[in-house]
Every structure is written in C-alpha cells, then in structure tokens.
Amino acid sequence: MNETTFLETHEIQFPELGWKFHIDPTAFTVFGFQIQWYGIIITIGLILALIYVLPRMKRFGLDADRAIDVIIGGVIGGIVGARIYYVLMRWDEYKWDWKAIINTRNGGLAIFGGIIGGILIGYIIARIRKVKALPMLDVVSLGFLIGQGIGRWGNFVNQEAFGTNTDSFLGMTGGTIQRTIADGMSMDGDMYKNGLEMLWEKPVHPCFLYESIWCLLGFVILAFWSKRRKYDGQIFLMYLTWYGAERFLVEGIRTDSLMLGNIRVSQALAAVIFVASVILQIVFFIRRKRDPESFVLYANTEESHRLIEESRRKRMGLSKEDAKAGADSEDDDDLDIFNDDDDDFDEDELESSLLGDDDDDDD
C-alpha cells in the first residue's frame with residue numbers, strides 16, 4: 001500500500017458536504033505532558049451534566065449536598081468501569097502491557113462498562129449517605145445523556161468508533177480512518193477476521209455523530225417528561241430504552257465492536273437492556289393503574305422534605321443536632337420544598353398549552 005495515497009493523519013473530511021478539518025488529537029503540552037482533546041471533551045461533557053443535574057436535585061426529592069458524594073463516586077466508578085470493560089474485551093492486546101491498561105488519554109473507554117461501574121459505586125455510596133437510589137438514577141440519567149452526547153465528539157477527534165462504508169451525504173473519512181481500515185483489512189487485521197468488507201478509499205458512517213444527536217435528543221425529551229414522571233425510576237427506565245435502541249442499531253454498523261466469538265457484546269447487551277426496560281415499564285404501568293397509592297414519588301414524602309430542610313439549616317450555620325431537631329419539628333408547608341425555581345421557563349404552562357390538562361392517571 002502506497003502511504004502517499006492516504007490523507008494526512010490528522011485530516012478529516014466529509015466529502016459530500018465539502019467539509020475539511022485538520023485536528024491534532026493533542027490539544028497542548030504542559031511540562032512535556034500531552035493533553036488530549038479526548039479528555040478535554042469528556043470533561044466538558046461531565047461539567048455540563050453537573051451544571052444541569054445539581055440544581056434539579058430538589059425536584060426529585062434529593063438533598064444536593066448528599067447527592068454530590070454519590071455523583072463523585074459514580075464518576076470515578078464510571079471511568080474505572082469503562083476502562084476495565086474495554087480492557088477485558090481486548091485482553092490479548094493488554095495482558096503484557098500493564099502501563100497501557102491505565103493509559104486512557106487516546107481513548108479505550110467502553111460506555112456500557114462506564115454505566116455499570118458508575119451505577120455500582122454510586123449505589124454503594126448512596127446507601128452510605130442515605131440517598132434514595134431510584135430518584136437518584138432518574139436525575140443522573142439526564143446527566144448521562146448530556147455527557148454521552150458531548151463526549152462522543154472525542155471519538156471524532158481521534159477518528160475512531162466509525163462505521164462501515166457508506167454513500168450517505170454524512171459519510172466521513174480521514175487519514176487515521178484510512179490507515180485503520182487498511183490495517184484492519186490485512187490478513188491479521190480485526191476487520192478481516194470479523195468478516196467485514198471495507199475499502200479505505202470510501203467514506204464511512206460517522207457513528208459518533210449518530211449517537212451524539214440521539215443522546216442530546218433523548219435528553220430534551222426526558223428532561224421535558226421529568227416533571228410528569230409517574231413513579232421513581234421511570235426516567236431511568238426510559239433512558240435505558242432510548243439508549244438501548246440506539247446502541248443496538250449503531251453497534252450493528254461499527255467496525256470496532258468488542259467481540260465475544262461471533263457476538264457483538266455491546267449490541268447483545270443493548271438488546272437485553274432494551275427488552276428488559278420495556279417489560280418493566282409495562283409492568284409498572286399496570287401495577288400503578290391497579291394501585292396508584294403505592295407509587296408515591298419520593299419528592300412528595302416527609303422523609304425527603306425533612307432531609308432537604310436539615311441540609312438547608314446546616315448551610316445556615318446551625319449545628320448538626322440543631323438542624324436535625326429543627327427539621328423534625330417543621331411542618332411540610334413551612335419547608336418550601338415545592339418551590340422549584342431551577343427552570344428558566346414554566347414547563348407546566350408549556351405542557352398545558354401543548355398537551356392539555358391531562359389527568360395524572362393518563363399515561
């Protein structure tokens with residue numbers, strides 16, 4: 001293969017759109033240490049998710065001071081879980097190179113591993129800090145979608161996680177993409193071994209773009225629905241359904257899928273998650289119709305009001321004992337729990353104008 005026929009390594013093109021970019025994955029260097037755009041973009045996604053999620057904790061009946069500990073633990077667990085999942089699926093590549101295992105600056109994070117690790121560690125800390133798991137999962141699901149929607153652009157910079165060849169007007173190519181395909185289609189290449197038929201000269205599906213748009217659209221939909229949720233955990237189940245459907249479809253055209261034999265692991269897992277979440281939503285819908293009183297939102301409980309008020313009193317400078325005693329003695333009407341002023345517009349009025357004044361039992 002003649003090297004001069006490839007595009008420059010850092011050049012990215014969308015031929016049908018006439019777009020050309022030249023992006024070095026290394027953003028800058030500090031004291032000889034290279035800072036990658038991949039890490040910067042993921043960090044931006046995380047920060048934007050926190051900016052959105054933290055002010056809305058009260059809407060879900062959660063004390064932000066307690067919840068932040070869960071989020072920090074979940075973020076750490078998510079990063080570790082994402083890396084462990086990826087390394088285990090490619091163990092033959094990493095078993096003799098321990099330094100490479102902890103080097104994530106150039107990618108190598110599996111989102112499903114991140115979700116599993118984040119939920120597992122977050123749940124443990126939630127139990128310790130007395131934070132209810134289901135409403136916590138509801139609100140952080142919105143953060144997941146923001147983080148995933150932004151973070152996928154790190155794949156764009158690295159020219160990775162792309163799909164099969166396409167004639168679509170959205171097709172993209174790049175120097176690194178072309179070299180990856182050429183190597184992958186060699187006799188010892190992963191693409192060749194997995195039965196793919198790829199041409200490095202042709203554009204490929206921009207899977208990062210598909211997932212980014214899908215996640216950000218899902219965020220808009222679920223954020224709008226979050227004030228109309230009928231039970232704790234509903235937004236989380238909707239997130240699993242939404243993301244599971246997208247990941248199942250996109251994983252089918254990915255060229256770098258983590259494989260277990262002939263099975264695309266992430267695609268199979270996405271299918272299981274989608275089916276399970278749909279079944280659970282149907283079950284909870286039926287149960288709520290039969291017994292609506294057993295599906296009281298945690299945000300409407302005395303325990304939630306008391307913990308939020310206790311935290312508010314601590315921020316005012318009261319001792320832990322005085323704050324707890326004061327919170328226990330307060331009536332719900334005095335706590336101002338339902339004054340949800342975290343939105344820039346009145347979502348209830350918007351919903352009324354678009355959807356009408358539906359009864360709570362109309363799901």
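The values are calculated or read from the model by the stated rules, or taken from the named source; none is laboratory data. Since the model is a prediction, treat every value here as computed from it, not as a measurement. Glycine gets a Cβ as well: all are built from the backbone with ideal geometry, and neighbour counts include every protein chain shown. Heavy atoms of the whole protein, side chains included, go into the accessibility calculation; ligands, DNA and RNA do not. Shrake-Rupley method; radii C 1.70, N 1.55, O 1.52, S 1.80 Å.
Answer with yes or no whether residue 167 is touching a helix residue (DSSP H, G or I) at 6+ places or on another chain (Cβ under 9 Å), modelled with pLDDT of 95 or more and charged (D, E, K, R).
no
Please tell me if residue 144 is in a loop (DSSP other than H, G, I, E, B) and open to solvent by 10 Å² or more (accessible area, probe 1.4 Å). When the stated conditions are applied, residue 144 does not pass them. The set of residues in the range 28-55 that are among the hydrophobic types (A, V, I, L, M, F, W, C), modelled with pLDDT of 90 or more, out of contact with any Pro (no Cβ under 9 Å at 6 or more places or on another chain) and open to solvent by 70 Å² or more (accessible area, probe 1.4 Å) comprises 28, 44, 47, 48, 51.
Scanning the range 97-118 for residues that are in a helix (DSSP H, G or I) and open to solvent by less than 50 Å² (accessible area, probe 1.4 Å) yields 100, 101, 111, 112, 113, 114, 115, 117, 118.
Being open to solvent by 30 Å² or more (accessible area, probe 1.4 Å), in a helix (DSSP H, G or I) and either of a type in the set (A, V, I, L, M, F, W, C) or touching a Lys or Arg at 6+ places or on another chain (Cβ under 9 Å) (or both): is that true of residue 240 here? Yes: the conditions hold for residue 240.
Say we look at the range 183-208 and pick out the residues that are open to solvent by 30 Å² or more (accessible area, probe 1.4 Å) and part of a helix (DSSP H, G or I); which of these is nearest to residue 15 (Cα to Cα)? Looking at the filtered set, the residue picked out is 183. If you take the residues of the range 119-141 that are of a type in the set (D, E, K, R) and in contact (Cβ under 8 Å) with a residue 60 or more places away in the chain, which of them is surrounded by the fewest Cβ atoms within 10 Å (Cβ to Cβ)? Within the range 119-141, the match that is surrounded by the fewest Cβ atoms within 10 Å (Cβ to Cβ) is 130.
Assess whether residue 25 counts as being closer than 30 Å to residue 314 by Cα and surrounded by 13 or more Cβ atoms within 10 Å (Cβ to Cβ). When the stated conditions are applied, residue 25 does not pass them. Checking each residue in the range 278-301 for being charged (D, E, K, R) and either open to solvent by 30 Å² or more (accessible area, probe 1.4 Å) or out of contact with any Phe, Trp or Tyr (no Cβ under 7 Å at 6 or more places or on another chain) (or both) picks out 287, 289, 290, 291, 293. Residues in the range 258-296 that are in contact (Cβ under 8 Å) with a residue 12 or more places away in the chain and more than 23 Å from residue 246 (Cβ to Cβ): 288, 289, 292, 295.
From the list 43, 104, the lone residue that is over 21 Å from residue 237 (Cα atoms) and touching a residue at least 24 places away in the same chain (Cβ under 8 Å) is 104. Residues in the range 213-237 that are in a helix (DSSP H, G or I), surrounded by 20 or more Cβ atoms within 10 Å (Cβ to Cβ) and in contact with a helix residue (DSSP H, G or I) (Cβ under 6 Å, 6 or more places away or on another chain): 214, 215, 218, 219, 222, 235, 236, 237. Could you pull out the residue among 70, 53, 87, 80 that is of a type outside the set (Phe, Trp, Tyr) and free of Cβ contacts under 8 Å to residues at least 24 places away in the same chain? The unique qualifying residue is 87. Against the definition (open to solvent by 50 Å² or more (accessible area, probe 1.4 Å), assigned to a helix (DSSP H, G or I), at negative phi and of a type in the set (A, V, I, L, M, F, W, C)), how does residue 275 come out, yes or no? Yes.
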